[in-house]
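As structure tokens, the structure follows; a few thoughts come after it.
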Amino acid sequence: MAIRPIVRYGDPVLHAPARPVDAIDEAVRALLRDMVETMYAAPGVGLAAPQVGVPLRVIVIDTSVGAEPGQLIQLVNPELLEREGEQRHEEGCLSVPGFGGTPVRPARVVVRGLDPEGKERVYTGTELLARAFCHEIDHIDGLLFVDRLTPLKRDLMKRKLRKRAREGWEE
Ligand SMILES: [Zn+2]
């Protein structure tokens, strides 16, 4: 297992839709293992493959950040099957460090995807889990939370983010 570098806002891999995985082979399982380790090390509650520079539809989520066994979700080719209601809560992103925003998210979602063994899994998420599913599935569609803000807030934040991307993200 290895911690992979997290790419930051402005890297083209974050701003384009990712490709579906054709077959869950050892390379995909290694990617999943590395993503889990990278998410826990960050620490974060979710990570999508484009955030480690891999343009594939692969996500990992653990709303307990590894504190509670059985909370880890690893999904290949996840799809949003249902969404209902609304919630608003501040979100951040490991690829947009130092920034936060409050996009409108569904209160409840149903998500289907494949686990590391290729078995179909269906999850229902509310509260933080619903937000995490939407945030990570947005990533594999090339969208960041910034893209979900109201036009005024989005434009203001994008100006600041472009400046940060130009000047370099290194702290
Ligand atoms: Zn993110």
Report task. Rounded to whole Hz and in sequence order, give me ³J(HN,Hα) for segment 135-150 from the Karplus expression 6.51 cos²θ - 1.76 cosθ + 1.60, θ = phi - 60°, writing x for Gly and Pro. Result -> 4, 6, 5, 4, 4, 6, 9, x, 10, 10, 4, 4, 5, 9, 7, 5
Query raised in the report: Given R₀ = 25 Å, FRET efficiency for Glu84-Leu128 by Cβ-Cβ distance, to 0.05?
Result: 0.90
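Using only the Cα atoms of segment 1-66, construct the convex hull and provide its projected area averaged over every direction, in square nanometres to one decimal. Walk me through the numbers before you get to the answer.
Details: hull surface 17.5 nm².
Value for segment 1-66: 4.4 nm².
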Query raised in the report: Residue by residue, what Karplus-based ³J(HN,Hα) values in Hz, rounded to whole numbers, does segment 18-30 have, using 6.51, -1.76 and 1.60 with θ = phi - 60° and x for Gly and Pro?
Result: 8, 8, x, 7, 7, 9, 7, 9, 5, 5, 5, 5, 5
Query raised in the report: Along segment 35-49, what does the Karplus equation 6.51 cos²θ - 1.76 cosθ + 1.60 (θ = phi - 60°) give for ³J(HN,Hα), rounded to whole Hz, x for Gly and Pro?
Result: 5, 4, 5, 5, 4, 5, 6, 4, x, x, 9, x, 7, 10, 3
Query - Portion, in percent, of the accessible area of the chain that falls on carbon or sulfur, probe 1.4 Å - result: 51 percent
Query raised in the report: Once you charge only the Cβ atoms, +1 for Lys and Arg and -1 for Asp and Glu, what is the size of the charge dipole of the chain about its Cα centre, to the nearest 20 debye?
Result: 780 debye
Report task. Of the options Ser64, Phe145, Pro116, report the single residue whose Cα projects farthest towards the positive end of the charge dipole of the chain (beta-carbon charges: Lys, Arg +1; Asp, Glu -1). Result -> Phe145
Query raised in the report: Listed highest first by mean packing, meaning other Cβ atoms within 10 Å per residue, what order do 44-53, 148-157 come in?
Result: 44-53, 148-157
Query raised in the report: Is segment 38-93 best put as rounded, prolate or oblate by its Cα gyration tensor, with a ≥ b ≥ c the root eigenvalues, rounded for a/c under 1.5, and otherwise prolate when a/b is larger than b/c, oblate when not?
Result: rounded
Report summary line: Expressed in angstrom and ordered largest first, the alpha-carbon extents of the chain along the principal axes are 43, 37, 31
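Test of understanding: what is the full-extension gain from Asp141 to Arg162, defined as 0.36 nm times their sequence separation minus their Cα-Cα distance?
Details: separation 21, 0.36 × 21 = 7.56 nm, distance 2.02 nm.
The span from Asp141 to Arg162 would gain 5.5 nm if fully extended.
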**Report entry** Partners for Lys153 among aspartates and glutamates (Cα-Cα distance below 20 Å; same-chain residues under 8 apart left out)
**Finding:** Glu86, Glu90, Glu91, Asp138
**Report entry** Separation of the Arg112 and Arg19 label points, Cα + 7 Å toward Cβ, nm
**Finding:** 2.4 nm
Report summary line: Checked against the positive end of the charge dipole of the chain (+1 on Cβ of Lys and Arg, -1 on Cβ of Asp and Glu, about the Cα centre), the farthest of Cys93, Leu14, Trp169 is Trp169
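The values are calculated or read from the model by the stated rules, or taken from the named source; none is laboratory data. Since the structure is predicted, the reported quantities are computational estimates derived from the model, not experimental observations. Note: ideal-geometry Cβ built from the backbone for every residue, glycine included; neighbour counts use all protein chains shown. We work out accessible area using only protein heavy atoms, side chains counted, and drop any ligands, DNA or RNA first. Shrake-Rupley method; radii C 1.70, N 1.55, O 1.52, S 1.80 Å.
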